[in-house]
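A short write-up of the structure that comes next.
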Amino acid sequence: MLVSIGKSHDRIAVSLFGVITFHSSKLNRRGTDTEHETNTMTDHELPPLPYDYDALEPSISEQVMTWHHDTHHQGYVNGLNAAEETLAENREEGDFSTTPGAISNVTHNGCGHYLHTLFWENMAPDGGGEPEGDLADRIEEDFGSYEGWKGEFEAAAGAASGWALLVYDPVAKQLRNVAVDKHDQGALWGSHPVLALDVWEHSYYYDYGPDRGSFIDAFFDVVNWEKAEEEYQKCLDHFE
């Protein structure tokens, strides 16, 4: 779901996955983009890791990072591109028999792509510790304490069959923890992810077996609070 805000020529869309800025463009009388009259699609690409594959060891092994990034994340990028291509072809040909499946694939693979991109950035070789600054203050305000937030987040991570997310809810104007199944089930519409933890089994089983709790503990040894603070500041800039 996208909610447009701002002037018609400088649109900002607010989605489940945050604030997406669309560049200004000239509109004709029909309200369409005169610079993009043809039916074009975005070619989504796999972003490189912001560190070496072995940089998060021993929390996450080089082997897991290689499989997870190069195979799993790449698969979501490929799936998103393929689904968008199908939708474009169906519109052009006027045959919408495969459209419902393609729409579902856009949601599934798009969420997988966007959340994985944030997940890599939410970790750093020199990470760990606790948040500071505005985010730390807001966590204490909305959850009572850092310990209260962390316990709730860990419970979400233990229960989810997809992701544990710390998100900013722009309607209630507060931080929330959500447990998301797969990539998009149980998400909160309009919310902006601040911190993402992937708890699909491919994230940890090679390193930890069925002991998801140890993987969650290890995540906090490499969590990148600077990136989380950056995402939180985006929310303040746009909603408060």
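The values are calculated or read from the model by the stated rules, or taken from the named source; none is laboratory data. Fair warning: this is a prediction, and the values are worked out from it, not measured in the lab. Methodologically, a virtual Cβ is constructed for each residue, glycine included, from the backbone with ideal geometry; neighbour enumeration extends over all protein chains shown.
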Within region 221-240, restricting to residues that are in contact with a Leu (Cβ under 9 Å, 6 or more places away or on another chain) and among the aromatic types (Phe, Trp, Tyr), the one that is nearest to Glu121 (Cα to Cα) is Trp225
Exclusive hit being loosely packed, with under 15 Cβ neighbours inside 10 Å, more than 15 Å from Phe215 (Cβ to Cβ) and of a type in the set (A, V, I, L, M), set Ala187, Ala172, Ala179: Ala172
When you go through Ser25, Ser4 one by one, which is the residue that is more than 25 Å from Val180 (Cα to Cα), over 18 Å from the mean Cα position of the chain (by Cα), at pLDDT below 50 and hydroxyl-bearing (Ser, Thr, Tyr)? Ser25
Checking Glu57 against (1) under 22 Å from the mean Cα position of the chain (by Cα); (2) under 30 Å from Tyr206 (Cβ atoms), which single condition isn't satisfied? (1)
Evaluation of Pro210 against (1) modelled with pLDDT under 95; (2) surrounded by fewer than 19 Cβ atoms within 10 Å (Cβ to Cβ) (one fails), failing number: (1)
Scan region 159-169 for residues that are at pLDDT below 95 and either surrounded by 15 or more Cβ atoms within 10 Å (Cβ to Cβ) or touching a His at 6+ places or on another chain (Cβ under 9 Å) (or both) and jot them down. Ala160, Gly162
Does Thr86 qualify as being over 28 Å from Tyr208 (Cα atoms) and at pLDDT below 95? no
Restrict the check to region 49-65 and report whether at least one residue is among the hydroxyl-bearing types (Ser, Thr, Tyr), assigned to a loop (DSSP other than H, G, I, E, B), at pLDDT 95 or above and touching a Phe, Trp or Tyr at 6+ places or on another chain (Cβ under 8 Å). yes
Say we look at region 81-112 and pick out the residues that are farther than 23 Å from Gly186 by Cα and among the hydroxyl-bearing types (Ser, Thr, Tyr); which of these is surrounded by the most Cβ atoms within 10 Å (Cβ to Cβ)? Thr86
Condition test on Glu130, is it surrounded by fewer than 15 Cβ atoms within 10 Å (Cβ to Cβ) and more than 22 Å from Asp237 (Cβ to Cβ)? yes
Can we say Ile103 is in contact with a Leu (Cβ under 8 Å, 6 or more places away or on another chain) and free of Cβ contacts under 8 Å to residues at least 24 places away in the same chain? yes
